[in-house]
1. How large is the Kirkwood hydrodynamic radius of the protein assembly as shown, counting all unique pairs of alpha carbons, in Å?
2. Assuming a strict under-26 Å limit between Cα atoms, what lysine pair count do you get for chain B once near-sequence pairs (fewer than 8 apart, same chain) are dropped?
3. Amide H to amide H, which residues 5 or more places from A:LYS26 or on other chains are under 5 Å from it, using H placed in the peptide plane?
4. What area, in nm² and to one decimal, does the C-alpha convex hull of region A:5-115 cast on average over all directions?
5. Can you work out the accessible area per residue across chain A, with the rest of the protein chains kept in place, probe 1.4 Å, in square angstrom?
6. I need the calculated FRET efficiency for the pair B:SER74 and B:GLN44, taking r as the beta carbon distance and R₀ as 45 Å, to the nearest 0.05.
7. With both bridge residues required to lie in region B:3-115, what share of the DSSP beta bridges run antiparallel, to the nearest 5%?
8. Assign unit charges at the C-beta atoms only (+1 for Lys and Arg, -1 for Asp and Glu), then state the dipole size of the protein assembly as shown relative to its Cα centre in Debye, rounded to the nearest 20.
Amino acid sequence: DAGVTQSPTHLIKTRGQQVTLRCSPKSGHDTVSWYQQALGQGPQFIFQYYEEEERQRGNFPDRFSGHQFPNYSSELNVNALLLGDSALYLCASSLGIGRRVYNEQFFGPGTRLTVL
Amino acid sequence: AQTVTQSQPEMSVQEAETVTLSCTYDTSESDYYLFWYKQPPSRQMILVIRQEAYKQQNATENRFSVNFQKAAKSFSLKISDSQLGDAAMYFCAYSPGGGSQGNLIFGKGTKLSVKP
């Protein structure tokens, strides 16, 4: 049973460019959340997708957008990259938000984005 | 807004000894979860232990246990019989309960070193 996978592993971009990161959830999971982890910091919640719609969003600008596909995989897009966007981007999957029971989030290994 | 604070940037423990990592949080909610995550150099975030706010009994998972003080909004992690493989960044995290699950709020982390 494959866990959460993310691609690519590493990415180098220059300021002003656009980037797309990809995530495949753990088998059986239908909810994907994205987090940004700057160096030496804890992860910060970007947004969450369920049923192909953005359900929750953290305090991130509109330059950060996402998409969820019918097979539950997800993309994170960042436009007009800034130096401050350099970070580890983590994807986490879980089963069915909205349930009034605990749903563990399983994390992927992350994508390291460097903006020069 | 909910916040999570970890006041110990770094901790060190001798192999086979016991160490306690501290965490405080702030929320006005009554329904929430608290977590400790481990992030080794491989970057993959791994759930160590969770605590439901409505449960008075402290959670335990093998060598890992928590001291949950709801009134004081304190949630510490005790690692007994420390092993070399326990060396990692440890993050305390908070999540709203019910239908708002998924928006994990992390502290800045504590780097744990284990000396042989």
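The values are calculated or read from the model by the stated rules, or taken from the named source; none is laboratory data. Values in this document were obtained by computation on a predicted structure and should not be read as measured data. Counting neighbours? That spans all protein chains shown, and the Cβs are built from the backbone with ideal geometry, glycine included. Accessible surface is based on the protein model in full, side chains and every heavy atom, while ligands, DNA and RNA are left aside. Shrake-Rupley method; radii C 1.70, N 1.55, O 1.52, S 1.80 Å.
1. 18.2 Å
2. Here the count comes out as 19.
3. Counting only residues 5 or more places away or on other chains, the set is A:VAL4, A:SER93.
4. Spelled out: convex hull of the Cα atoms, projected over all directions, averaged, 6.6 nm².
5. For chain A, the per-residue accessible area is 47 Å².
6. Working from the Cβ atoms, E equals 0.95.
7. Percentage antiparallel, nearest 5: 85.
8. Dipole about the Cα centre, nearest 20: 360 debye.
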